[in-house]
2 protein chains.
Amino acid sequence: MSQMQSVEKQLRQMILGLEIGPGEKLTERWIESRFGASRTPVRAALLRLETEGLVGRDGRGWTVSPINLAELEQIAVYREAVEVAALRLTCALADRSAVDVIEAMLESCDNDTPREEWHRVGMDFHIELARLSGNEFLFRAVRDAMTRLSRARWLEVRDEAALARAWAEHRAILAAARLGDADEAARLLSVHIVGSRDRLVTSLANDRRGLRARGFAVVAA
Amino acid sequence: MSQMQSVEKQLRQMILGLEIGPGEKLTERWIESRFGASRTPVRAALLRLETEGLVGRDGRGWTVSPINLAELEQIAVYREAVEVAALRLTCALADRSAVDVIEAMLESCDNDTPREEWHRVGMDFHIELARLSGNEFLFRAVRDAMTRLSRARWLEVRDEAALARAWAEHRAILAAARLGDADEAARLLSVHIVGSRDRLVTSLANDRRGLRARGFAVVAA
DNA sequence: GATACCAATTTGGGATACCAAGATGGCGCC
DNA sequence: GGCGCCATCTTGGTATCCCAAATTGGTATC
């Protein structure tokens, strides 16, 4: 039974979905019994999730990584570097029709789209945009960064106004990219990422007490 | 006996030092007996090295990643993005005296310095420069990229002229950074990375036959 | 001589038994 | 009643065993 991938996927899902709170302790034995797998695949899953930054070592044991405000700010800088680079490559492509596919992705969200879907599409926008560059490393960097941001971004989805703003910015970026205007697209993307970070850090700092009340560890900047 | 880290380090050393050729098949049992550890730490090591891109899955088994020319070119683009971003951050720092430490590192190499040392310092220059930015993610990105480039870079060390040129460019970059001239430093770094890539890909394409003769798998661009 | 098929060995993935170190809690002493 | 120490239990790390699948080598048949 190839449980390994399953354990990894399910555990990642639980962590990203906040079913297991940031900062919670994990024991290999609990995971083992929870998913009906043995310790070997559990170990493999933990090692992989460790490299993704979703779990970490806490001395001897394992811990779900807390939400770290300082880390969020650093990731934003990192994202800006790699996403802008990817976008510039995409703008330089002869055939930029693939941006329409991403545009369509955005359009698929409307008023009665569930929160989870907005959350997912909001991340996939950046991931798929990076994929268009054709550079595997830039793509992976963006994907991994979005994974790390994923949990914190649940907050943004609760704010209708922020969401509308983000979608508008996404569309503007795509429009510039479609025209091949690299400078304008890059500028818009930078603004979007920085603004997104500010909104996120602000609302996270405000909600910090509430999050802690729910048992979520939040590390200050 | 905490062999795990040891297995990982030793195996990485052997791969990076080309003691195990690119493209070679690896069996967990061979590693196990080779390092006197059991399979659990061996697996942990392989999982980690997989995320570093040094080994990969070949269907069912494990393979030392071949040297991939297309990958080298993509990494150069990736490096340019993250290293330039890091360097710009560093140039914006109030206290940039730490660049002198890196300068000193460069000075430590002279005519009777062994090849291995030139190789190591050549990588550490970029890694430590990125570390100065203070951004953990940019730093890790550069470090991981240099790790992936490491094996191919053994070629560059054989070329005295290329080495001298690289060192001169390194010094120029540091000089601009010390003055806080971000644009100039970024420009010099970009030129250095692109030039470095060109030289590497060229000499690698030339040596391809020789490398294959030594049993090294080299994948074309 | 080539090819198809079968057996045996090898290999990675999973499970389990064991160990040493660290956390925990209860008991006794001050 | 509070503080400290020791027994115990828990936990991750290690080693070993088992299994299913795949590769390999040989043989028999065409």
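The values are calculated or read from the model by the stated rules, or taken from the named source; none is laboratory data. In this text the structure is predicted, and so the values were computed from the model without any measurement. Don't worry about glycine lacking a Cβ; one is built from the backbone with ideal geometry, like all the others, and counts go over all protein chains shown.
List of remarks:
- Subset of the range B:107-129 [of a type in the set (Gly, Ala, Ser) and buried (at least 20 other Cβ atoms within 10 Å of the Cβ)]: B:Gly122
- Only one of the listed residues (B:Leu18, B:Leu11) is farther than 29 Å from A:Gly134 by Cβ, away from chain A (no Cβ under 13 Å) and surrounded by 18 or more Cβ atoms within 10 Å (Cβ to Cβ). That residue is B:Leu11.
- Near pairs, Cβ below 7 angstrom, 6+ apart or cross-chain, from the range A:71-93 (more than 8 Å from chain B (Cβ to nearest Cβ)) to any residue that is of a type in the set (Asp, Glu): A:Cys91/A:Asp181
- Search result, residues across the range B:125-148 that are within 13 Å of chain A (Cβ to nearest Cβ) and of a type in the set (Phe, Trp, Tyr): B:Phe137, B:Phe139
- Test: residue in the range A:35-45 that is outside the structural domain of A:Arg143 (by TED's automatic domain parsing) and away from DNA strand C (no atom under 12 Å from the Cβ): no
- Comparison of A:Leu11, A:Leu87, A:Leu47, A:Leu18 shows that the only residue that is in contact with a helix residue (DSSP H, G or I) (Cβ under 7 Å, 6 or more places away or on another chain) and under 20 Å from A:Ala220 (Cβ atoms) is A:Leu18.
- Residue check, A:Ala76 of a type in the set (A, V, I, L, M, F, W, C), touching a Lys or Arg at 6+ places or on another chain (Cβ under 6 Å), part of a helix (DSSP H, G or I) and within 18 Å of A:Arg143 (Cα to Cα): yes
- Test: residue in the range B:40-51 that is closer than 24 Å to A:Glu52 by Cβ, in contact with an Asp or Glu (Cβ under 6 Å, 6 or more places away or on another chain), within 10 Å of DNA strand D (Cβ to nearest atom) and not in a loop (DSSP other than H, G, I, E, B): yes
- Residue within the range A:3-23 that is among the hydrophobic types (A, V, I, L, M, F, W, C), near DNA strand D (Cβ under 9 Å from one of its atoms), farther than 21 Å from A:Arg120 by Cα and more than 22 Å from the chain's Cα centre (by Cα) present: no
- Filtering B:Asn68, B:Asn135 for residues that are polar (S, T, N, Q), more than 15 Å from DNA strand D (Cβ to nearest atom) and within 22 Å of B:Arg12 (Cα to Cα) leaves a single hit, B:Asn68.
- A:Asp159 meets each of the listed conditions (1) away from chain B (no Cβ under 14 Å); (2) under 14 Å from the mean Cα position of the chain (by Cα) apart from (2).
- Any hit, the range A:130-150, residues being among the aliphatic types (A, V, I, L, M), surrounded by fewer than 20 Cβ atoms within 10 Å (Cβ to Cβ) and under 26 Å from A:Ser65 (Cα atoms): no
- Residues in the range B:79-104 that are over 19 Å from B:Leu188 (Cα atoms) and part of a helix (DSSP H, G or I): B:Val101, B:Ala104.
- From the list B:Gly122, B:Gly59, B:Gly53, B:Gly134, the one residue that fits, being at positive phi and under 13 Å from the mean Cα position of the chain (by Cα), is B:Gly53.
- You will find that of A:Ala70, A:Ala104, the residue that is closer than 30 Å to A:Asp198 by Cα, within 17 Å of the chain's Cα centre (by Cα) and loosely packed, with under 15 Cβ neighbours inside 10 Å is A:Ala70 and no other.
- Residue within the range A:112-127 that is touching a His at 6+ places or on another chain (Cβ under 7 Å), aliphatic (A, V, I, L, M), modelled with pLDDT of 95 or more and outside the structural domain of A:Leu16 (by TED's automatic domain parsing) present: no
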